[in-house]
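Below: the structure, in structure tokens.
We did not get these values from a lab; they are worked out from the coordinates using the rules stated. None of these values were measured; they are calculated from a predicted model. Neighbour counts run over all protein chains shown; Cβ positions are idealised from the backbone, glycine included.
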Amino acid sequence: MEKEQYFNIKRPEKSCLLCGCSLLEAEKHPSILVHGGDEPLRKDFCPKCWERLQDREYFSYWITKRLKPAPDRRLTRKERNDLLLRMFESLYQHSDEKKATMLFYLAHLLMRYKIFNWKGTRSMPADTEKNLPERTTLLFENKQTGEEIQVPDQTLDGEKISVAKKEIDDYLQNNMSTEIP
Ligand SMILES: [Zn+2]
């Protein structure tokens, strides 16, 4: 059997037969065919193991070139914007003091991506019932629906920002469609 023909029916292994190291990231590595039962057996080795291998019995030997695994698919701008807006809206509906940082951060991202317009600020009087001091609310407008959006002003520090960023990244990653748009 021609090596090229064999290529078509048997894919290279993910890992080295001897040490188990990943061959996915290897640019190239040795591969052999040995006589098996009904059909030839393909064996893939990392270059190090191949060098150390004493018993090199094979009827075909070649160097397999591997393609690097495709990097994670990136979201299109529209997908990213849609997901960010969806994330914002679900938080916005369940207005929760604990999520105030997230809402604040997302609203600014959406403004940067031109989904929201900046409308200004409004000062909210103290609410003694809810034990809230006088505070500032930021006003945005959803450009598509014209809806006014009110987000309590926040003071962010580096740690809060990195927590928010991580949460957003995870959300985008977990909600990414696996289909190519
Ligand atoms: Zn190896």
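Summary of values
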read-out	value
Most mobile of Leu85, Leu109, Leu53 in a GNM of the chain (Cα contacts under 10 Å)	Leu53
Trp118 paired with Ser15, simple spin-label distance in nm, labels 7 Å along Cα-to-beta-carbon	5.3 nm
Net charge, Tyr113 excluded, C-beta distance under 13 Å - Lys, Arg +1, Asp, Glu -1	+4
4 °C / 1.567 mPa s Stokes-Einstein diffusion coefficient of the chain, Kirkwood radius on C-alpha pairs, µm²/s	60 µm²/s
The chain: most fluctuating residue of Asp55, Asp127, Asp170 per GNM, C-alpha cutoff 10 Å	Asp55
Cα lying deepest toward the dipole's positive end in the chain, options Thr64, Leu110, Thr76, charges on Cβ	Thr64
Pairs from Lys114/Lys166; Lys98/Lys166; Lys119/Lys160; Lys98/Lys130; Lys78/Lys160 whose Cα-Cα separation, in the structure shown, is over 19 Å	Lys114/Lys166; Lys119/Lys160; Lys78/Lys160
Theoretical ellipticity at 222 nm over the chain - DSSP helices of four or more residues, -39500 (n - 2.57) apiece, nearest 500	-10500 deg cm²/dmol
Residues Asp96, Asp153, sorted so that the one with the fewest Cβ neighbours within 10 Å comes first	Asp96, Asp153
For region 3-65: rounded, prolate or oblate by the Cα gyration tensor [a/c cutoff 1.5]	oblate
Proxy reagent accessibility, fewest Cβ within 10 Å first, across Lys14, Lys143	Lys14, Lys143
Alpha-carbon gyration tensor eigenvalues x 5, square-rooted, for region 77-175, Å	23, 17, 12
Cα centre as origin, Lys/Arg/Asp/Glu Cβ charges: the chain dipole, Debye	620 debye
For the chain, built as a Gaussian network whose Cα springs stay under 10 Å, the top-fluctuating residue of Phe140, Phe88, Phe45	Phe45
Taking the chain and dividing mean pair separation by its residue count, relative contact order in percent (alpha carbons under 8 Å, at least six apart)	14 percent
Proximal lysines relative to Lys65, as straight alpha-carbon distance under 18 Å, when same-chain residues fewer than 8 apart are discounted	Lys3, Lys10, Lys14, Lys28, Lys43, Lys48
